[in-house]
1. May I have the pair-distance distribution P(r) for the chain, computed from all Cα-Cα distances with 5 Å bins from 0 and rounded to whole percent?
2. Just to check, using Stokes-Einstein with a Kirkwood Rh over alpha carbon pairs, what's the diffusion coefficient of the range 1-51 at 25 °C and 0.890 mPa s in µm²/s?
3. Once you have the Cα-Cα distance between residue 5 and residue 122, take 0.36 nm times their residue separation minus that, and quote the gain in nm to one decimal.
4. If one computes the Cα centroid of the range 88-148 and of the range 1-67, what distance in Å separates the two points?
5. Divide by every residue of the chain the summed helix terms, -39500 (n - 2.57) for each DSSP H run of at least 4, and state the resulting mean residue ellipticity at 222 nm, rounded to the nearest 500 deg cm²/dmol.
6. Output the 0 to 90 degree angle, nearest 10, between the alpha-carbon long axis of helix 143-159 and the longest principal axis computed from the alpha carbons of the chain.
7. For the range 94-159, what number results from the quotient of the Cα radius of gyration and 2.2 N^0.38 Å?
8. If one takes the longest principal axis of the Cα atoms in the chain, at what angle in degrees, from 0 to 90 and to the nearest 10, does the Cα axis of helix 77-104 lie?
């Protein structure tokens, strides 16, 4: 059975080189795949990492990116890893700051703390999906308490 690839991303590796990234489901979890191309489209590296549940990386695909850089035999693999790590970490920072700013719009477009809290929670869930869970007593909390908690999250994102 052929398994579909998804979550495609391309990273600029400088000097006309790119790293093509994708995810593929497996019988036991999923795998990240990286293909390193030099200018002109010639493949100079391939790597994959298999996972059962989730990855613990500073940014998505970090481990497999490091692996493909090693097998591609680039001139200074550590320097390239550092450049890509800095670029991707900045992107993660920018994404969190943007989410924090979007969540704060709830204070402007909503009528009261209840609507503002609902808006902020919707934005949080829109970004992180099922990874966001609220406490069991969330529905019983006062709107001001919900809003205070969500404001702390929003502020944390903007400070990262």
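Read-outs throughout are calculated quantities, based only on the coordinates presented, and are distinct from any laboratory measurement. Quick caveat, the model's predicted, so the values are computed rather than measured. Every residue, glycine among them, receives a Cβ derived from its backbone with ideal geometry; neighbour counts consider all protein chains shown.
1. 2, 8, 14, 16, 13, 11, 11, 10, 7, 4, 3, 1
2. Here the translational diffusion coefficient equals 211 µm²/s.
3. Numbers: separation 117, 0.36 × 117 = 42.12 nm, distance 2.85 nm.
Length gained between residue 5 and residue 122: 39.3 nm.
4. 31
5. Working: 5 runs with 75 residues, N = 160.
Calculated mean residue ellipticity at 222 nm is -15500 deg cm²/dmol.
6. 30
7. Normalised Cα radius of gyration, the range 94-159: 1.03.
8. Taking Cα atoms only, the helix is inclined about 20 degrees.
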